[in-house]
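Contents: one structure, followed by commentary.
FYI, it's all coordinate maths here, none of it is from the lab. This structure is a prediction, so every number in the text was calculated from the model and none was measured. Backbone-built Cβ (ideal geometry, glycine too); neighbour counts: all protein chains shown.
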Amino acid sequence: MLIESRPLTDPEVAALATAGQRELREAVGEAAGRDFGTRGDTCWLTVVIAGRAVACGGMRVCDDDTGELEQLYVRPAYRRRGIARQLVAALEELAYQRGYSMVRVEAGPHRPAAALFRACGYEPISAAGAPSGGAPYRECFAKRLPVPA
């Protein structure tokens, strides 16, 4: 397994992100992800297995100290293998390298992602503290990163 940086314009990353948005819309409705991919400050990481992109996720800037996880998606055939957890860890490392002290994320309350973020040490926060202001179909989480020595 390889985790590498690729732009959203990469056809494999775009296909993964589109599949993730489609799955989210089917679960929560059309309002989901309406501004997805419109910001240019998101760094995308892609998980590649046997030459095939199987998962992706982004880290975008909220402010000088905070990053936001965006659009984590793992192809259904590759789920339940720890790939999402490794991708979250890689995105957190990216946030740490950028000097962020906190990472935030939003997830649907009845989606497996909410359980993943809790298992990765994310704590619930108020919707007002979320980068998007907290959509009604989302739970908001944050995690403090270690302070560089």
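Can you sort Ser126, Ser101 so the residue with the fewest Cβ neighbours within 10 Å comes first?
Values: Ser126 9, Ser101 15.
By the 10 Å Cβ count, ascending, the order reads Ser126, Ser101.
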At a 10 Å Cβ-Cβ cut-off, how would you order Cys140, Cys62, fewest neighbours first? Cys62, Cys140
Contour minus Cα-Cα distance for Tyr78 and Glu12 (0.36 nm per residue): 22.2 nm
Once you list every other residue whose beta carbon is under 15 Å from the beta carbon of Val48, what net charge do they have if Lys and Arg are +1 and Asp and Glu are -1? +1
Counting only other residues whose beta carbon sits under 14 Å from that of Leu16, what net charge do I get with K and R as +1, D and E as -1? 0
Using the 10 angstrom Cβ neighbour count as an exposure proxy, how do Thr66, Thr9 rank, fewest first? Thr9, Thr66
